[in-house]
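Colleague: Pasting a structure here, questions to come.
The values are calculated or read from the model by the stated rules, or taken from the named source; none is laboratory data. Note that the structure is a prediction, hence the values are computed from the model and not measured. Glycine gets a Cβ as well: all are built from the backbone with ideal geometry, and neighbour counts include every protein chain shown. Ligands, DNA and RNA are excluded from the accessible area calculation, which covers all protein heavy atoms including side chains. Shrake-Rupley method; radii C 1.70, N 1.55, O 1.52, S 1.80 Å.
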Amino acid sequence: MHINRVERIWMTFGIVALVLFLGVLATAAISEGIIPPSHIQTIDPAKVAQTPPFDNPGVRKVGDKEYEVYVVARYPAFRPPLISVPAGANVTFFVTSPDVVHGFFITNTDVNMMVVPGWVSSATHVFRTPGEHLLLCNEYCGREHHYMYGTIEVQ
Ligand code: CUA
């Protein structure tokens, strides 16, 4: 097969650039221990129901205008299904799954996480105004995936 000289040069350039970029990415990821930002805490997925604070999921007030919300995403529902938090507070969500991969997306916010068994995903958000937000699972998790939703009530 004949390949034009200019084409060969261009292909070589493309392959060298690809290898170089992948090398830079791999070196940075390994040397700096880069992992997805939401995946810092681990948990045994078989023991979620017995592991505090996920044995009693819900909202905790941890300081002045500081709240923590522990949520278990288990097919096909979120526990608890209704989360009430005050407007203007710093709310940190901690979410884990005992079964399969789920999504944790709160409408009209930038909270959008993947929930992977074995890990605790977390995100902090300040709800500025009172109202209701839909909490959705946006990772296909099974036949009843579309029933997997909850409500965030901002008071
Ligand atoms: Cu959980 Cu889709």
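Colleague: Checking residue 132 against (1) more than 26 Å from residue 42 (Cβ to Cβ); (2) in contact with a Gly (Cβ under 8 Å, 6 or more places away or on another chain), which test does it fail?
Modeller: It is condition (2) that residue 132 fails.
Table: residues versus (1) closer than 21 Å to residue 155 by Cβ; (2) at pLDDT below 95; (3) aromatic (Phe, Trp, Tyr).
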{"position": "76", "(1), (2), (3)": "no, no, no"}
{"position": "97", "(1), (2), (3)": "no, no, no"}
{"position": "100", "(1), (2), (3)": "no, no, no"}
{"position": "106", "(1), (2), (3)": "yes, no, no"}
{"position": "127", "(1), (2), (3)": "yes, no, yes"}
{"position": "131", "(1), (2), (3)": "yes, no, no"}
{"position": "134", "(1), (2), (3)": "yes, no, no"}
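Colleague: Also: Within region 3-62, which residues are of a type in the set (Ser, Thr, Tyr) and either open to solvent by 50 Å² or more (accessible area, probe 1.4 Å) or under 18 Å from the mean Cα position of the chain (by Cα) (or both)? Spell out how you get there, then give the answer.
Modeller: Let us first name the residues in region 3-62 that are of a type in the set (Ser, Thr, Tyr), namely 12, 27, 31, 38, 42, 51.
Across region 3-62, the qualifying residues are 12, 27, 31, 38, 42.
Colleague: Would you check which residues across region 80-125 are within 11 Å of residue 69 (Cα to Cα) and within 13 Å of the ligand (Cβ to nearest atom) and list them?
Modeller: 95
Colleague: Same structure, new question: Can you pull out the residues in region 43-79 that are within 15 Å of the ligand (Cβ to nearest atom) and in a loop (DSSP other than H, G, I, E, B)?
Modeller: To start, the set of residues in region 43-79 that are within 15 Å of the ligand (Cβ to nearest atom) comprises 45, 48, 71-79.
Correct list: 75, 76.
Colleague: Scan region 89-121 for residues that are open to solvent by 50 Å² or more (accessible area, probe 1.4 Å) and touching a strand residue (DSSP E or B) at 6+ places or on another chain (Cβ under 8 Å) and jot them down.
Modeller: 90, 99, 101, 105, 108, 110, 112, 114, 119, listed by residue number.
Colleague: Counting just the residues of region 63-88 that are basic (Lys, Arg) and either surrounded by fewer than 19 Cβ atoms within 10 Å (Cβ to Cβ) or in contact (Cβ under 8 Å) with a residue 60 or more places away in the chain (or both), which one comes out farthest from residue 147 (Cα to Cα)?
Modeller: Per the stated criteria, the residue is 65.
Colleague: Residues of region 126-144 being surrounded by fewer than 19 Cβ atoms within 10 Å (Cβ to Cβ) and away from the ligand (no atom under 15 Å from the Cβ), which ones?
Modeller: 126, 128, 129, 130, 131, 132
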